[in-house]
Structures are given as C-alpha cells and as structure tokens.
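Let me begin by presenting the structure, written as structure tokens, before commenting on it.
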Amino acid sequence: MHIHLSPRHLALTAAIHSYVADKVSHLEEIVGNIMAAHVVLIHDEKKNPARAYHVKVHLAVPGPDIHAEDAEADLYAAI
C-alpha cells in the first residue's frame, strides 16, 4: 500500500511519519485491500486549542473509497 502524507502548517518528522504508517497499516487488518492512503495533517493555531490539529484520511479501496477525519488538541490523538 502506498501512503501519502500532506502536512499543512507543521513539520513532518520521522516520528509522525512512522506513527501514521503504523496506524494505517493496522487498518489493513480490518479492510484488507487498501490500495493507497492519503493522510492530511493540519495544524491551525487560530482554531479552538482543543481542536487545533485536524487529520483527514482518504483510503482508496475497491468500490467506494473510505474517508475519515478528526480534530483534537494533540496531533497523535487526532491520528
């Protein structure tokens, strides 16, 4: 599976990349046939601090694609 990360207003570190890859790989155990994953990581300081980190995930699978998103105060919690 190909994983594409798009950070917005934050630095993409090796730790963040590894954490996202680990979480997405766990999804393969559930879905099983994920062709690609696009993960957008957004930090918006102007928003409510309780929801400053926003994560959007798009999974390309046979049939309808799967979309999910979450916003939290902590990036790792949002992922």
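The values are calculated or read from the model by the stated rules, or taken from the named source; none is laboratory data. In this text the structure is predicted, and so the values were computed from the model without any measurement. Cβ coordinates were reconstructed from backbone atoms using ideal geometry, including for glycine residues, and neighbour counts include every protein chain displayed. Only protein heavy atoms, including side chains, enter the accessible area calculation; ligands, DNA and RNA are left aside. Shrake-Rupley method; radii C 1.70, N 1.55, O 1.52, S 1.80 Å.
Counting just the residues of region 4-45 that are part of a strand (DSSP E or B) and over 16 Å from Ile66 (Cβ atoms), which one comes out least open to solvent (accessible area, probe 1.4 Å)? Per the criteria, the residue is Leu41. Please find, within region 46-57, the residue that is surrounded by the fewest Cβ atoms within 10 Å (Cβ to Cβ) out of those that are out of contact with any helix residue (DSSP H, G or I) (no Cβ under 8 Å at 6 or more places or on another chain) and of a type outside the set (S, T, N, Q). Top of the filtered list is Lys46.
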